[in-house]
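Colleague: The structure under discussion is supplied below as structure tokens; questions concerning it will follow.
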Amino acid sequence: MIHPHIADALKVPDLIRLTDGMVLLRFESMKIYSALGAVRDLLDRGVVRPGQTLIDSSSGIYAHALALACHRYGMHCHIVASTTVDATTLAQLEVLGATVEQVKPSENLKLDQQLRVRRVREILADHPEVHWMRQYHDDIHYLGYREIADAVAAELADTLAGRPLTVVGGVGSGASTGGLVTHLRRTDPSVRLVGVQPFGSVTFGSQDHHDPEAIIAGIGSSIVFDNVRHHLYDALHWMDFVHALSGSVALLREHAVFAGLSTGAGYLAATDAARRDPDRLHLVIGADTGHRYVERVFARHAEARDLTTLAPVDVSSPEEMTMPWSTMAWNRAACPAHWKEQAA
């Protein structure tokens, strides 16, 4: 197939068998699907027009996806970037024509995210013609994952052969795991969803636990994300940085897959889930490659622990969780009302 734009080629994932009960859905950059689908829908509905500026805040992977979508559809892109965005991503954004501004360094992720949102609002106040993509809050970002769900279902039809499916992935903004499973459940309501969270994230109640290595980019948040639909999740895993690092290193060592930190965390969670329920096929979402984690993760491969020696603590509520790794059955429950009150 000859693709009309590089974004259309980069968005397509590969399915890689890891074990008899586990398959990796490996992306070059998963959020390209989300960004392309959202921008195309906005253009089709006349909400935005070609040449208009689209803005959002990002810690890296969505910024690159939005810049590619804007390049694809003739839009201008402005990114309010986290201080964690690496030099490689920044260079690509600038060459792609995006304008980038980074907030000042912060002592924690919550302040960093708050500063980015505040800056976006300031820009919108001065430039009302700019459109805010709101990747964390606008469910338009669920649209792009329908295509992935259809492709995955078709590709796995023979592999499943009657086996039930479990999807495992980082929660993050909620759009990727939520979007994929929402579309898969339209034809198969039995599809399970296992979400992965870092300690320190407010999304599923681990904000009181401090991980000295900080929140894992892409799977947790220190502010409330409206795109997270708690009722979609069957089980949750919370794990610290060292466990996620161990999963990433093991994935490279055992399967030669060079993937990001959230993929490593998902791989570790899926290993536990497959041990508990070997009759199901576990689909691990690999959101990005490992390139931006070379120094922080892969250069520290000697610190990785043997996955066969690791096991989570089973808890019955978020209040019982303990570091470095906890898991619980969520059973598609709604977000507790008191969490929303506390966030407000």
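All of the numbers you see were taken from the coordinates with simple rules; none came from a lab. Quantities reported herein were computed from a predicted structural model and do not represent experimental measurements. Because the Cβ atoms are built from the backbone with ideal geometry, glycine has one as well, and the counts that use them run over all protein chains shown.
Colleague: Kirkwood-based Rg over Rh for the stretch 107-248 (C-alpha set), two decimals?
Modeller: 1.03
Colleague: Scattering from the C-alpha atoms of the chain alone, worked out with Debye: what is log10 I(q)/I(0) at q = 0.08, 0.10, 0.11, 0.16 1/Å?
Modeller: Each listed q corresponds, in turn, to -0.35, -0.56, -0.69, -1.53.
Colleague: Give the angle, between 0 and 90 degrees and rounded to the nearest 10, that separates the Cα long axis of helix 61-73 from the longest principal axis of the Cα atoms of the chain.
Modeller: Helix 61-73 and the main axis of the chain meet at about 50 degrees.
Colleague: Something else now. Evaluate the distance, in nm, between pseudo-label points positioned 7 Å from the Cα of ALA299 and of GLU213 along their respective Cα→Cβ axes.
Modeller: 1.5
Colleague: Where does the chain land at 222 nm, in deg cm²/dmol rounded to the nearest 500, when only DSSP H runs of n ≥ 4 count, each adding -39500 (n - 2.57), divided by all residues?
Modeller: Helix-only estimate at 222 nm: -11000 deg cm²/dmol.
Colleague: If you don't mind, there's one more thing I want to ask. What order do you get for 125-138, 16-29 when each peptide is scored by the mean count of other beta carbon atoms within 10 Å, highest first?
Modeller: Output ranking for 125-138, 16-29: 16-29, 125-138.
Colleague: Taking Cβ-Cβ under 4.7 Å as the only way to count a partner, pick out the unpartnered cysteines of the chain.
Modeller: CYS335
Colleague: Quick check: residue separation of ALA337 and SER190 times 0.36 nm, minus the Cα distance between them. What number comes out in nm?
Modeller: Working it through step by step, the gained length comes to 50.3 nm.
Colleague: Write down the Å³ per residue value for the convex hull defined by the alpha carbon atoms of the stretch 32-139.
Modeller: It comes to 93 Å³ per residue, whole-number rounded.
Colleague: Follow-up. Between the DSSP loop rule and a limit of at most 13 other Cβ atoms within 10 Å, which GluC sites (Glu not before Pro) in the stretch 255-344 are left?
Modeller: GLU295
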